[in-house]
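Everything on this sheet refers to the single structure shown next.
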Amino acid sequence: MEQNIFGKQGWTAELMKSQKGKTFLITGATSGTGFEAAKILASKGAKVVMLNRNPKKSEDSITAIKKELGNNVDVSFIRMDLAEQASVRKAAEEVLKKETRIDALMCNGAIAQVPTQKLTVDGWESQMGVNHYGHFTLQALLYPLIEKSKGRIVTVGSMGYDMGIKSIKFDDMNWDKDYTGNNAYSQSKLAQIMSIYELQDRLEKAGKTDVKAYACHPGSSRTSLINTSGSLMMRIIFGLMKLSPLTQSAEKGAYPELMCATEQDLDQKGFYGPTGRSNWTGPVGAHKLEPHAKDKAVAEKLWELSEKEIGMKWNF
Ligand SMILES: NC(=O)c1ccc[n+]([C@@H]2O[C@H](COP(=O)([O-])OP(=O)(O)OC[C@H]3O[C@@H](n4cnc5c(N)ncnc54)[C@H](OP(=O)(O)O)[C@@H]3O)[C@@H](O)[C@H]2O)c1
């Protein structure tokens, strides 16, 4: 095992310094790790802008954070549905109009284990559409302000990147053949992670080394993820898992993305998450990433395809 640079306990929120004057954008912050991340950042004095699909849940989340931390915290939301490119574009426009800086864009929102093949309005398999293409567009549109702010892009992946097929299924991106919720979810998470490491290479090539890009995951955390989009069987299985020590709190699940969004001098090449058994729980730090997630030829092809699909090129 790699040595944890944060010591035996790994990275925890206590290590986070004041974030006064900084702005963090978090997708999917109405529950789970995104909500916990928003709360912790707000408690450290940051400005937090949630990018959520559900206005009512967003208001409730803000109320809950203010109830705990006081009315002076700076937490707001902009409506954005990652499943609709038009909504992502509208939200990005609003962000660019309202915000003067982005210290980190935390790509946290997701759906998982969707039991049957569904397509988004833009015609992509739903998990690929929400988790990968939704975020890919958002990142590309917000990149100019992130660059101006010398900010970061943080992608919340999953150990699922290694639980499906070990490459991108270019000949059947929508899973018209052999669809399973797990394979399609894993594929979307693999795509998210691969494009972060590819982004690092492209930033370096363009000489934009002030912008950082990180990939991490929350291990196995007690959140709403499977209840929101998973099948009854998956909900039962994960419901039982939540009662076992194989899972951790949503707050701990937020640590890897918080670390990647705020910690200085973190090696971008790493993959960050819990370092205990199976990387489900345990001290947060860097850990092994299987080589298929950094397959350069596949990553380049995925990047080109993604730009073509969203109809936009990143402007480095
Ligand atoms: N929990 C785990 O054990 C685990 C394991 C591996 C990876 N992850 C990853 O961790 C991240 C956070 O998930 P979580 O476990 O905290 O799950 P969660 O509690 O279900 O939170 C997911 C968030 O994403 C939002 N979301 C879903 N679809 C969206 C859309 N179309 N547009 C905008 N927002 C959308 C949800 O909004 P609504 O409230 O409107 O549904 C919610 O705020 C995800 O990237 C997930 O893949 C989690």
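Derivation of every value follows stated rules applied to the coordinates shown; laboratory data play no part. All values derive from a computational prediction rather than experimental measurement. Positions of Cβ are backbone-derived with ideal geometry, glycine not excepted, and every protein chain shown enters the neighbour counts.
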Counted neighbours (other Cβ, 10 Å), sorted fewest up, put Glu290, Glu99 in the order Glu290, Glu99
Restricting attention to the stretch 153-236, which trypsin sites (Lys or Arg not before Pro) occupy a DSSP loop and are surrounded by at most 12 other Cβ atoms within 10 Å? Lys177
Over the chain, with a Gaussian network built from C-alpha contacts below 10 Å, which listed residue (Leu96, Leu302, Leu142) shows the highest mean-square fluctuation? Leu96
Comparing Ile111, Ile226, Ile153, which has the greatest mean-square fluctuation in the GNM of the chain with Cα pairs linked when under 10 Å apart? Ile226
What are the principal axis extents of the Cα atoms in the chain, in Å, biggest first? 52, 46, 42
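Quick one: order Asp122, Asp210 by neighbouring beta-carbon count within 10 Å, fewest to most.
Numbers: Asp122 17, Asp210 13.
Listed from fewest to most nearby Cβ atoms, that is Asp210, Asp122.
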Taking the alpha-carbon centroid of each part, what is the distance from the stretch 176-205 to the stretch 273-288 in angstrom? 20
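To the nearest 500 deg cm²/dmol, what mean residue ellipticity at 222 nm is calculated for the chain from DSSP H runs of n ≥ 4 alone, each contributing -39,500 (n - 2.57), summed and divided by the residues? Write down the numbers at each step before the final one.
On the way: 9 runs with 123 residues, N = 316.
Only helices count here, giving -12500 deg cm²/dmol.
From the square roots a ≥ b ≥ c of the eigenvalues of the alpha-carbon gyration tensor of the stretch 100-210, which class results: rounded (a/c under 1.5), prolate (a/b over b/c), or oblate? Walk me through the numbers on the way to the answer.
Numbers: a/c = 2.37, a/b = 1.97, b/c = 1.21.
The shape class here is prolate.
Given axes a ≥ b ≥ c from the Cα gyration tensor, I'd like to know whether the stretch 165-316 is rounded (a/c under 1.5), prolate (a/b larger than b/c) or oblate. The partial results should precede the final answer.
Numbers: a/c = 2.23, a/b = 1.23, b/c = 1.82.
Cα axes put the stretch 165-316 in the oblate bin.
State, as an integer percentage, the relative contact order of the stretch 156-198 based on alpha-carbon contacts under 8 Å between residues 6 or more apart.
Numbers: 35 pairs, mean separation 24.7, N = 43.
In percent, rounded to a whole number, it is 57.
Explain nothing, just the number: relative contact order of the stretch 18-126, from Cα pairs under 8 Å at least 6 residues apart, as a whole percent.
Working: 171 pairs, mean separation 32.9, N = 109.
The value is 30 percent.
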Explain nothing, just the number: relative contact order of the chain, from Cα pairs under 8 Å at least 6 residues apart, as a whole percent. 21
Would you mind checking which residues have amide H under 5 Å from Ser149's amide H? H placed 1.01 Å from N; only 5 or more apart, or other chain. Ile102
Give the order of Phe238, Phe316 when sorted by the count of other beta carbons within 10 angstrom, beginning with the fewest. Phe316, Phe238
Out of Gln187, Gln127, Gln268, a Gaussian network model of the chain with alpha-carbon springs under 10 Å gives the largest mean-square fluctuation to Gln268
